[in-house]
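Report on one structure; see the data block that follows.
The values are calculated or read from the model by the stated rules, or taken from the named source; none is laboratory data. On a predicted model such as this, the values are computed, not experimentally measured, just so you know. We place every Cβ from the backbone using ideal geometry, glycine too, and count neighbours over all the protein chains shown. We work out accessible area using only protein heavy atoms, side chains counted, and drop any ligands, DNA or RNA first. Shrake-Rupley method; radii C 1.70, N 1.55, O 1.52, S 1.80 Å.
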Amino acid sequence: MFRTTGITPRPRAVAGLAAAGLALSLSACGGAKVGDTAAGAQSGGGASGKCGTFNLAVNAWVGYEADAAVVAYVAKHKLGCKVVPKNLDEQVSWQGFGTGEVDAILENWGHDDLAKKYITEQKVAQDAGPTGNIGVIGWYVPPFLAKQHPDILDWHNLNKYANLFATSESGGKGQVLDGDPGFVTNDAALVKNLGLDYKVVYAGSEAALITSFRQAEQSKKPMIGYFYSPQWFLAEVPLVKVNLPKYTKNCDAVPAKVACDYPEYNLNKVVSTKFAQSGSPAYQLVKNFKWTNEDQNVVARSIAQDKLSDEAAAKKWVDANPDKVNAWLAD
Amino acid sequence: MTSIALVRTGIRPFRGAIVTALLLVWLVGFTVLHGQDTLALGAADTTPLHGRLNDLNDAVGANRNSNPLFLYFFNEIRLVVDQLTTFISSLVSQPAFGRPVPLIGWLGVVALVGFGSWALGNLKVGLLAAAGFTFMGLQGLWQQSMDTFALTLSAVLVALLVGIPLGIWAGVSDRVNRIVTPVLDFMQTMPTFVYLAPLTLVFLIGPASAVIATLIYAAPPVIRIAAHGIRQSPKETLEAAQSLGATRSQTLRQVMLPLAKRTIVIGVNQTIMAALSMVTIAALIDAPGLGRVVLRSLQSLDVGTAFNAGLSIVIMAIVFDRVTTAASVRVERARRTTSRIPARVRKVALLVGGAVTAVCLYLSYTFVWAAEFPTDFDVGSPISRAASAVTDWAQLHLSALTSDFKELVTNSLLNPFQSLLTDSPWWLLFAVLVGIAAVAGSVRTAVTTALCLALIVGTGLWFDAMTTLAATLVATVAVMALGLVLGVWMGRSVRVDRVIRPVLDAAQTMPSFVYLVPFVALFAASRFTGIAAAVVYAAPVAIKIIADGIAAVSPTTMEAATAAGSSSWQVITKVQLPMSLGTLALAMNQGLIYVLSMVVVGGLVGGGALGYDVVAGFRQNALFGKGLAAGLAIVLLGIMLDRITQSVASRAQATTDHVRH
Amino acid sequence: MTIPSQFTEPAQSSEPSAGETMTTAIPEELVQSPSLEAKATAGAPAPVISVQNLWKVFGANADGVPRSEELRALPRKELKQRTGCVAAVCDLSFDVAPGEVFVVMGLSGSGKSTLVRCLTRLIEPTAGRVLFKGDDILQANERSLRELRRHNIAMVFQHFGLLPHRRVADNVSYGLEIRGAGKKERSQRAAEVIDLVGLSGYESSFPDQLSGGMQQRVGLARALAGDPEVLLFDEPFSALDPLIRRDMQNEVIRLHHEVGKTMVFITHDLSEALKLGDRILIMRDGRLVQVGTGAELVGAPADDYVRDFVREVPRSHVLTLRWIMRPVQPDDQLDGPEFGPEVVVREAVRAVLESERPIKVVEDGRLLGVVGNAEILAVVAES
């Protein structure tokens, strides 16, 4: 503990006086002491304490952040867990199952290779059931374009409009813009196998992809690209999906020969085997966690557009949906 | 020996002719053989080598719990680094010791930073530091700023602890220097994205990985500069010590180190800057702090908030830069003050300052108002709103203009040039590049170039590498153009320099992630956007180097030129630029290296090629091997371009010296 | 300006004993340096430093050069073409007597700076021997070499080589510090030498606050502080202004008188060499061209190179009577004034011209020859 008298190592007259004077005048105006607030801030809610630490991977898109916000909020305030969110990339999150540093991933989009490696081979992770969200991947155009050329939504007509989509990057062909390289994509094969006069250009990140769509709609510039729902941006600009040849079972079995649309993904949760066996109430929560695309969009919008903090956005939704939350907490 | 001499002296007049001839051969070959042997590889395709690299990564992951290297080496390192970082965090940023707040609250940190900067530097930088840190709090980012501060501080501490001794060793021993230099080249040019995922496999997810990722990029400058400082010790002074019978360790301690002190402080400065440039990337593996704010706001395209965080990083960088610069001046000046009175006054003032700081520390430990940054004044939101408004306006009103500009540059310059590089048969381009290296540099340069190119072919990513090379060279041309215009302007006027330099500092330290979104809006997801981002990052370096070079032209020569009745234009073109040839070559070298370090960022905004391969390798397990190969290709391009420009630079320097004599 | 005693000091090992031939013609053996060396070792006091067949060759396989009869003989340029090696010092031999000021003179690139560094192995010689009081420095181990540098031989550098972060007093006592002398002893000794070189009052200045000449005084004081037997000077004054250079030269002469150290002095300036040197060794392309007193060089240049060098030197300032006297002829009137043979011509001009008769050159009571108006005027008119 500091004491005001011990501040100056070798108190010279001036220094000592000045310091003492300042210390007096400042501590006089005092205010709340740190210790006073400690009790209140440290443990939230009626913590049972048996939950312990819950390492939750948070992947870098807003939909996931919404899932994580709500699950973390419930785990912290209803179960008394010490939630440690880990902001990680998908691949690194899965890797975390192996090193024991990640307990759960809340929104997994396929990733058959990772599932094979960590669930089937290393057996460090396991499926924890669907989130209830349906992931839809496909080719989308901005709404103004769909209105202008309604027939563009049929893939048969895409070649007709190819030069509409030509850019400096596509070498005279139409440009299909892909986003983050981490996302599942068959687009190069699709272009080839459907005989489209297009070239896939890689934007390289989700931010670049969304910005491109936003800019396209804003300046009414034709554009076609890879997109997906649920995604908060669809609430701002309702992109319209182009109909590719319908998905049939196993039509995407051989990646190089894919000539059909993407399947619908039942997004699921993945947990580490260790966590599943730990008996932690947080595991039960993750396992029971389930909601709709609409639910997720509400929270995602609070975060992305209303700029609420994760905690505030989660609280808002949890307070409004006690039934759903209680269902998760039931054993 | 003699053959080199022949090349140097005999062929000199024909150098231009040979280069022209080589270029002609290339053009003819390109026209005839266009599209053959281009070694193109699809975005999702891999080679057997990439597969093997993947297996290697998997093997590491599978064995990490049994391998003694992990058990006794990596794990120990991780523990030490983790503890250090946790300790520093518990001081300034994270709740610790059963308290809801860190040990030192905002008031204590501001006082400590201000006082420390004053003690190490001067009163001015002390005030700057205190104001800068307060501003971070006013932006509403105190917690995040402190997380970044703690992490950067830990990384820098470890970097200096390892780097300074290593640099001194490399300065004393030629052999160590020869071994260390290529390793440092590698550390500095290998994109972080490549080793980010494996790093978490080795050091787990947590502060250790973030610190070590930062360290790998940030340690090389201090090692290089310390070695340089030691090597720079005047030969005669060393001889004098030796002639008096000093032992090696006496010479090191009493002569070399005191003389190199100032240079080493500059190395520390560079290391801090490099560490701060890693803030955003480290956030990808859960490093807390400002980087996370940037990434998070990027998800929802919230440019304003990203700008808040970016601004805090810029301010932290500028504070550190000014403080270390002032500290290096103090090191220099400390020995010059012979009159002892100001020193005594300063000592008393410092004592008083120290006392005040101690009081602030106590208050921030004890009282909530001094521990938690008050939220009453919100400077962040207005700044964020203003930044958003500006970008929105620009996106709405300028995008037509910028888009046309992009099309013009891409179609008239980038596309043809890229096609020339990528669509020529690889062996033709190989031969031409080696030839140019031989003529522009030396036989040695040509051998290095051939080796690098051969290894690039080996990575299986020749086509992508040539695409990246095209973009890199175009960006470097832009960097040099900007460097010449602004550099000359700044070099000729102290006032202009004073105005522009802070802007350059900001451009250099602002995380590129902050301006990626508006850039994509302005220039679409394209190679051009990648180039533009690279120019923003690399141009400041080139501009500063050129400005310093121009300013260093001897006043006597300038006087002579003016006395001869030269116009300003004539002075620039006939005196200042020719006399700064060496500096220009150095600027080009640094410009290239900085541009190359932005290749991965380019991959995030449509740059494609190697940058995209690296990002894809990070994001997709199956492409890890390819990403690693792409990283290697970037390193190889970097070494090749560095060696070529360096040999051109030393040639130019020789010419300049010749001119000077 | 010149101090005659410098040139008339006794017991010079290279004393031209061929003086008895009593002829103005240059004695052949004077030109032949080997014969000179042979005479130098005979009967003279033991040399402090003796350099024998010293080689320094830079480049790959440098060791091979001194060993090969064929390569040894090659001129520098051809050696470079043949082997890529540069021979900085080639087969050099000379002795330095106790108390002597021995000057090595040559143009830049002649190898003189390399030579002086070879003496204490700041540069490792390739072959040959360097004896310090009979012990071969080249065979010394690191420890005894260090002891030698700490106690016996000190050096003064062209660009001073001061430690910029230390005050004058600390620079001066640096040598004592590294030998482990106590603080009190150091400051006491530093004060002494600082006083000796005339720097009192500047003890606590930093080197960059001093002028070049003063900085070199610090360098000088530093070398003197350890009280070495030999001082090596590597072109110590060539970085200084002419006036300051002259002051410093006089300073060295004064110090030589006061402390009587043996000095090896490197310079490219002939007038400096003549002014300071008891004997002068002229180097060219790493090889010895001629060694001898100033008078010998001027009076009997070994070759055109030396002759070219000394052409501008006022002969009357350098030559002694021994060099211009003629044998006594029967009709000479031998009642003129007497002078010693080592008196510089200039000092005798007035006496000769005022005297009716030729002056007599007498050594140890023996009449060596006479100098008349004709002889004096020949020298004076020439210069």
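What residue, of C:Arg246, C:Arg222, C:Arg217, C:Arg189, is without any contact (Cβ under 8 Å) to a residue 24 or more places away in the chain and not in a loop (DSSP other than H, G, I, E, B)?
Selected residue: C:Arg246, the only one of C:Arg246, C:Arg222, C:Arg217, C:Arg189 that is without any contact (Cβ under 8 Å) to a residue 24 or more places away in the chain and not in a loop (DSSP other than H, G, I, E, B).
So which helices (runs of 4 or more DSSP H) stay within the stretch B:414-505 end to end and still have 3 or more residues that are within 22 Å of B:Asp613 (Cβ to Cβ) and within 21 Å of the chain's Cα centre (by Cα)?
In the stretch B:414-505, B:462-492 are the helices (runs of 4 or more DSSP H) which contain 3 or more residues that are within 22 Å of B:Asp613 (Cβ to Cβ) and within 21 Å of the chain's Cα centre (by Cα).
Would you confirm, using the coordinates I've provided, whether B:Arg643 is in contact (Cβ under 8 Å) with a residue 40 or more places away in the chain and over 24 Å from the mean Cα position of the chain (by Cα)? It would help to see each step written out before you state the result.
On the way: in contact (Cβ under 8 Å) with a residue 40 or more places away in the chain: yes; over 24 Å from the mean Cα position of the chain (by Cα): no.
It is false that B:Arg643 is in contact (Cβ under 8 Å) with a residue 40 or more places away in the chain and over 24 Å from the mean Cα position of the chain (by Cα).
Report whether or not A:Phe183 is open to solvent by 10 Å² or more (accessible area, probe 1.4 Å), among the hydrophobic types (A, V, I, L, M, F, W, C) and not in a helix (DSSP H, G or I).
Judged against the criteria, A:Phe183 is a match.
Residues are listed down the side, and each one gets a yes or a no for (1) free of Cβ contacts under 8 Å to residues at least 60 places away in the same chain; (2) surrounded by 17 or more Cβ atoms within 10 Å (Cβ to Cβ):
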position: C:Glu251; (1), (2): yes, yes
position: C:Lys261; (1), (2): no, yes
position: C:Arg279; (1), (2): no, yes
position: C:Arg284; (1), (2): no, yes
position: C:Pro301; (1), (2): yes, yes
position: C:Thr320; (1), (2): no, yes
position: C:Pro330; (1), (2): yes, no
position: C:Glu347; (1), (2): no, no
position: C:Ala351; (1), (2): yes, no
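With respect to B:Gly245, determine if the residue is outside any helix (DSSP H, G or I), closer than 30 Å to C:Ser173 by Cα and open to solvent by less than 40 Å² (accessible area, probe 1.4 Å). Working first, answer last.
On the way: outside any helix (DSSP H, G or I): yes; closer than 30 Å to C:Ser173 by Cα: yes; open to solvent by less than 40 Å² (accessible area, probe 1.4 Å): yes.
Yes: the conditions hold for B:Gly245.
So for the stretch B:228-237 (the condition being more than 17 Å from the chain's Cα centre (by Cα), in contact (Cβ under 8 Å) with a residue 40 or more places away in the chain, surrounded by fewer than 23 Cβ atoms within 10 Å (Cβ to Cβ) and under 21 Å from B:Ser117 (Cβ atoms)), does at least one residue qualify?
Within the stretch B:228-237, none of the residues are more than 17 Å from the chain's Cα centre (by Cα), in contact (Cβ under 8 Å) with a residue 40 or more places away in the chain, surrounded by fewer than 23 Cβ atoms within 10 Å (Cβ to Cβ) and under 21 Å from B:Ser117 (Cβ atoms).
Which residue, of B:Leu632, B:Leu577, B:Leu610, B:Leu584, is within 14 Å of another protein chain (Cβ to nearest Cβ) and assigned to a helix (DSSP H, G or I)?
Numbers: B:Leu632 fails: within 14 Å of another protein chain (Cβ to nearest Cβ); B:Leu577 fails: within 14 Å of another protein chain (Cβ to nearest Cβ); B:Leu584 fails: within 14 Å of another protein chain (Cβ to nearest Cβ).
Within the list B:Leu632, B:Leu577, B:Leu610, B:Leu584, the selection yields B:Leu610.
Take the conditions facing another protein chain (nearest Cβ under 10 Å) and open to solvent by 30 Å² or more (accessible area, probe 1.4 Å) and apply them to A:Asp113. Does it pass?
Against the criterion (facing another protein chain (nearest Cβ under 10 Å) and open to solvent by 30 Å² or more (accessible area, probe 1.4 Å)), A:Asp113 qualifies.
Only one of these conditions is not met by C:Gly372: (1) open to solvent by less than 60 Å² (accessible area, probe 1.4 Å); (2) small (Gly, Ala, Ser); (3) free of Cβ contacts under 8 Å to residues at least 40 places away in the same chain. Which number is it?
(3)
Scan the stretch A:202-220 and give yes if some residue there is assigned to a strand (DSSP E or B) and out of contact with any helix residue (DSSP H, G or I) (no Cβ under 6 Å at 6 or more places or on another chain), otherwise no.
Taking every residue of the stretch A:202-220 in turn, none turns out to be assigned to a strand (DSSP E or B) and out of contact with any helix residue (DSSP H, G or I) (no Cβ under 6 Å at 6 or more places or on another chain).
Quick one: how many residues across the stretch C:211-230 are within 16 Å of C:Arg245 (Cβ to Cβ) and either more than 11 Å from every other protein chain (Cβ to nearest Cβ) or acidic (Asp, Glu) (or both)?
Just the residues of the stretch C:211-230 that are within 16 Å of C:Arg245 (Cβ to Cβ), to begin with: C:211-217, C:219-220.
Narrowing further to those that are either more than 11 Å from every other protein chain (Cβ to nearest Cβ) or acidic (Asp, Glu) (or both): C:211-217, C:220.
Going through the stretch C:211-230 one residue at a time, the tally reaches 8.
For C:Leu119, only one of the following conditions fails: (1) open to solvent by 30 Å² or more (accessible area, probe 1.4 Å); (2) within 11 Å of another protein chain (Cβ to nearest Cβ); (3) at pLDDT 90 or above. What is its number?
(1)
Return the residues of the stretch A:75-110 that are part of a helix (DSSP H, G or I), more than 24 Å from A:Phe183 (Cβ to Cβ) and facing chain B (nearest Cβ under 10 Å); say none if nothing qualifies.
Initially, the stretch A:75-110 is screened for residues part of a helix (DSSP H, G or I), giving A:75-77, A:90-99.
Retained after the next criterion (residues that are more than 24 Å from A:Phe183 (Cβ to Cβ)): A:75-77, A:99.
Within the stretch A:75-110, just A:Thr99 meets the criteria.
What helices (runs of 4 or more DSSP H) lie completely within the stretch A:252-331 and have 1 or more residues being assigned by TED's automatic domain parsing to the domain that holds A:Phe54 and under 17 Å from the mean Cα position of the chain (by Cα)?
Answer list for the stretch A:252-331: A:281-288, A:293-304, A:310-320.
Please work out which residue is nearest to A:Leu209 (Cα to Cα), limiting yourself to the stretch B:266-306 and to residues that are open to solvent by 30 Å² or more (accessible area, probe 1.4 Å) and away from chain A (no Cβ under 14 Å).
Residue satisfying both the conditions and the ranking: B:Ser277.
Output yes when any residue across the stretch C:136-151 is more than 10 Å from chain B (Cβ to nearest Cβ), without any contact (Cβ under 8 Å) to a residue 24 or more places away in the chain and hydroxyl-bearing (Ser, Thr, Tyr), and no when none is.
So in the stretch C:136-151, the residues more than 10 Å from chain B (Cβ to nearest Cβ) come out as C:136-141, C:144.
Retained after the next criterion (residues that are without any contact (Cβ under 8 Å) to a residue 24 or more places away in the chain): C:136-141, C:144.
Keeping just the survivors that are hydroxyl-bearing (Ser, Thr, Tyr) gives C:144.
Within the stretch C:136-151, one or more residues are more than 10 Å from chain B (Cβ to nearest Cβ), without any contact (Cβ under 8 Å) to a residue 24 or more places away in the chain and hydroxyl-bearing (Ser, Thr, Tyr).
Picking from C:Arg166, C:Arg150, C:Arg143, which residue would you name as being closer than 30 Å to C:Met214 by Cβ, open to solvent by 30 Å² or more (accessible area, probe 1.4 Å) and in a helix (DSSP H, G or I)?
Just one listed residue meets the conditions, C:Arg150.
Using beta carbons and a limit of 7 Å, which pairs, at least six apart or on different chains, have the first residue in the stretch B:413-440 and within 16 Å of B:Ile456 (Cβ to Cβ) and the second one of a type in the set (A, V, I, L, M) and not in a helix (DSSP H, G or I)?
As it stands, the answer is B:Trp426/B:Leu39, since those pairs meet every condition given.
Counting only residues that are more than 11 Å from chain A (Cβ to nearest Cβ), touching a Ser or Thr at 6+ places or on another chain (Cβ under 9 Å) and open to solvent by 80 Å² or more (accessible area, probe 1.4 Å), how many does the stretch B:369-397 have?
The number of residues fulfilling the criteria is 0.
Quick check: is even one residue across the stretch B:530-540 in contact with a helix residue (DSSP H, G or I) (Cβ under 8 Å, 6 or more places away or on another chain), open to solvent by less than 20 Å² (accessible area, probe 1.4 Å) and part of a loop (DSSP other than H, G, I, E, B)?
Looking through the stretch B:530-540, none of the residues is in contact with a helix residue (DSSP H, G or I) (Cβ under 8 Å, 6 or more places away or on another chain), open to solvent by less than 20 Å² (accessible area, probe 1.4 Å) and part of a loop (DSSP other than H, G, I, E, B).
All but one of (1) open to solvent by less than 60 Å² (accessible area, probe 1.4 Å); (2) of a type in the set (A, V, I, L, M); (3) more than 14 Å from chain B (Cβ to nearest Cβ); (4) without any contact (Cβ under 8 Å) to a residue 40 or more places away in the chain hold for A:Val286; which doesn't?
(4)
Which residues, taken from the stretch A:197-220, are open to solvent by 10 Å² or more (accessible area, probe 1.4 Å) and among the small types (Gly, Ala, Ser)?
A:Ser205, A:Ala207, A:Ser212, A:Ser219
From (1) of a type outside the set (A, V, I, L, M); (2) surrounded by fewer than 21 Cβ atoms within 10 Å (Cβ to Cβ); (3) under 28 Å from B:Thr402 (Cα atoms); (4) away from every other protein chain (no Cβ under 14 Å), pick out the condition that doesn't hold for A:Trp139.
Only one criterion in (1) of a type outside the set (A, V, I, L, M); (2) surrounded by fewer than 21 Cβ atoms within 10 Å (Cβ to Cβ); (3) under 28 Å from B:Thr402 (Cα atoms); (4) away from every other protein chain (no Cβ under 14 Å) is unmet by A:Trp139, namely (2).
Of all residues in the stretch C:81-105 being open to solvent by 10 Å² or more (accessible area, probe 1.4 Å), farther than 26 Å from C:Phe237 by Cα and in contact with a strand residue (DSSP E or B) (Cβ under 6 Å, 6 or more places away or on another chain), which is farthest from the other protein chains (Cβ to nearest Cβ)?
The residue in question is C:Asp91.
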